1. Could you give me the residue pairs with C-beta distances under 6 Å whose first residue belongs to the stretch 1-21 and is over 19 Å from Asp60 (Cα atoms), whose second residue is part of a loop (DSSP other than H, G, I, E, B) and among the hydroxyl-bearing types (Ser, Thr, Tyr) wherever it lies, and which are 6+ apart or on separate chains?
2. Which condition number does Ser7 fail, the rest of (1) modelled with pLDDT under 95; (2) surrounded by 12 or more Cβ atoms within 10 Å (Cβ to Cβ); (3) hydroxyl-bearing (Ser, Thr, Tyr) being met?
3. Residues to consider are Gly48, Gly16; find the one that is open to solvent by less than 80 Å² (accessible area, probe 1.4 Å) and assigned to a loop (DSSP other than H, G, I, E, B).
4. Can you find a residue that is touching a Phe, Trp or Tyr at 6+ places or on another chain (Cβ under 8 Å) and either of a type in the set (S, T, N, Q) or not in a strand (DSSP E or B) (or both) anywhere in the stretch 27-39?
Amino acid sequence: MSNVTLSDLHITENYGYIGGGISISPGNYSFLDLSNSVIDYNQAAQGGGLFLAGEFILNDVDVNNNHAG
């Protein structure tokens with residue numbers, strides 16, 4: 001299992017197939033703790049700003065103006 005702790009980030013204007021800003025794929029047994037951050041203006045076919053298939057905590061995170069599809 002991977003544990004990731006991130007804080008005080010601005011994740012913006014990224015492009016991807018799955019999870020334009022952050023992607024945690026199924027089967028990775030990952031845990032994400034994200035706080036005090038902004039995720040905006042990201043694009044992906046699935047999960048514009050975030051694609052989270054593991055366990056996670058989002059604390060004081062703004063997710064705005066992302067696009068999927």
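The values are calculated or read from the model by the stated rules, or taken from the named source; none is laboratory data. Quantities reported herein were computed from a predicted structural model and do not represent experimental measurements. We place every Cβ from the backbone using ideal geometry, glycine too, and count neighbours over all the protein chains shown. Surface accessibility is based on the protein's heavy atoms, side chains included, excluding ligands, DNA and RNA. Shrake-Rupley method; radii C 1.70, N 1.55, O 1.52, S 1.80 Å.
1. Taking only residues 6 or more apart or on different chains, the pairs are Met1/Tyr29; Glu13/Tyr41.
2. Condition (1) is where Ser7 drops out.
3. Working: Gly16 fails: assigned to a loop (DSSP other than H, G, I, E, B).
Just a single option satisfies the conditions, and that option is Gly48.
4. Taking the stretch 27-39 as the starting set, the residues that turn out to be touching a Phe, Trp or Tyr at 6+ places or on another chain (Cβ under 8 Å) are 31-34.
In the following step, the residues that additionally are either of a type in the set (S, T, N, Q) or not in a strand (DSSP E or B) (or both) were identified as none.
No, that holds for no residue.
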